[in-house]
1. Which net charge results for the neighbourhood of Phe114, defined as the other residues with beta-carbon distances under 10 angstrom from its beta-carbon, given Lys and Arg at +1 and Asp and Glu at -1?
2. Determine the dipole magnitude for the range 106-174: charges of +1 sit on the beta-carbon of Lys and Arg, -1 on that of Asp and Glu, nothing else is charged, the reference point is the Cα centre, and the result goes in debye to the nearest 20.
3. Give me, ordered by chain and number, the residues 5 or more places off Arg57 or on other chains with an amide H under 5 Å from its own placed amide H.
4. When Glu213, Glu146 are ordered from fewest to most other Cβ atoms inside 10 Å of their Cβ, what list results?
5. Work out Dmax and Rg for the range 52-115 from the C-alpha atoms and quote the Rg first, both in angstrom.
6. So if I take the centroid of the Cα atoms in the range 120-199 and the same for the range 84-114, what is the distance between those two points in Å?
7. Using the per-residue mean of other Cβ atoms lying within 10 Å as a proxy for protection, in what order, highest first, do the peptides 44-52, 61-69 fall?
8. Based on the mean of other Cβ atoms within 10 Å per residue, sort peptides 245-251, 198-204 so the most packed one is first.
Amino acid sequence: MPELPEVETVRRTLTGLIVGKTIQSVTVSLPRIIQRPDDIRRFEMELAGHRILDVGRRGKFLRIIMDGLVLVSHLRMEGRYGLYRSEDPVEKHTHVIFHFTDGTELRYKDVRQFGTMHLFLPGEEFNHKPLAKLGLEPLDEGFTKEAFRGAIAKRTSKIKPVLLNQEYVVGLGNIYVDEALFRAGIHPEQPANTLSDTALESLYEAILATLNEAVNAGGSSIKSYVNGQGEMGMFQHSLRIYGRQGEPCLNCGQPVEKTVVGGRGTHYCPNCQPSDRTGSSVKAGHGGGNAVKKRFDNVHASSGRSTGNGVKS
């Protein structure tokens, strides 16, 4: 499933492809993709005539912002958007087509058919599912050390499931949680409420550094997840711990281990991420000192080239 860096890359790419276009009509061939409204014909009719002003993101959800409407789209496992000419053949598994007045079409293709779309009036989307209960947004200025500590420091669950819970921090999935915990030197089964202030600060910085690098690399292409042009995000070539079970740890040389935490396959180094139930310290040389704390500059800027996972031009 695409995580925050992949969805952010899609957002940036779509911004350069569809902002300014006006929807002439919409065709839905798989009704269950449309979650709101429950009348598919109403969905198609309400979108007609609206102009696309911007493409936003909240966690793993895209927000296609129009003059009077907002479309919230979740790509799920393999949802992809592509911009085509109207005369181009429609590929198999294309379930929603937005026909623009300039003769182009934004097509939504989803082999697994797990994606969803919700239509709202502007601002209304934040008061209803699926966005209503989402937690801190790592790309926002509101994602401070203090806010992060307040969101997770009192949780008694293991730190990995806490980070995967979208009601606390949004956008983090299995890959980037493993990577951030490794950078911070924290064992994935460490109870969140036992982490020291030093460990929490290191984890905060590790999350920012990991997401920053992943977005700059266009996300990760794991298994079949590539964009509509067959291009891959490149961060999978920079993964330090995820998927490296049995290989030497890049930090200490000991074999990377894999276990299951909170029902998810979890990669960690038993030497660099010791099981410290007191949370009193972070492994020297592998914690906050190595985490490059950078914020995303101009989070609404376009990447300048169509390399976004899940998008075809």
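1. Summing Lys and Arg as +1 and Asp and Glu as -1 gives +1.
2. Details: 11 positive and 8 negative charges, 96 e Å.
Value, rounded to 20: 460 debye.
3. Under 5 Å from the amide H of Arg57: Arg63.
4. Arranged by neighbour count, lowest to highest, Glu213, Glu146 become Glu146, Glu213.
5. Rg and Dmax of the range 52-115, Cα atoms, are 12.3, 34 Å.
6. Cα centroid to Cα centroid, the span is 35 Å.
7. Working: 44-52: 16.2, 61-69: 18.6.
Highest-to-lowest ranking by the protection proxy: 61-69, 44-52.
8. In descending order of packing, they fall as 198-204, 245-251.
Each value in this text was obtained by applying a stated rule to the coordinates, not by laboratory testing. Quick caveat, the model's predicted, so the values are computed rather than measured. Positions of Cβ are backbone-derived with ideal geometry, glycine not excepted, and every protein chain shown enters the neighbour counts.
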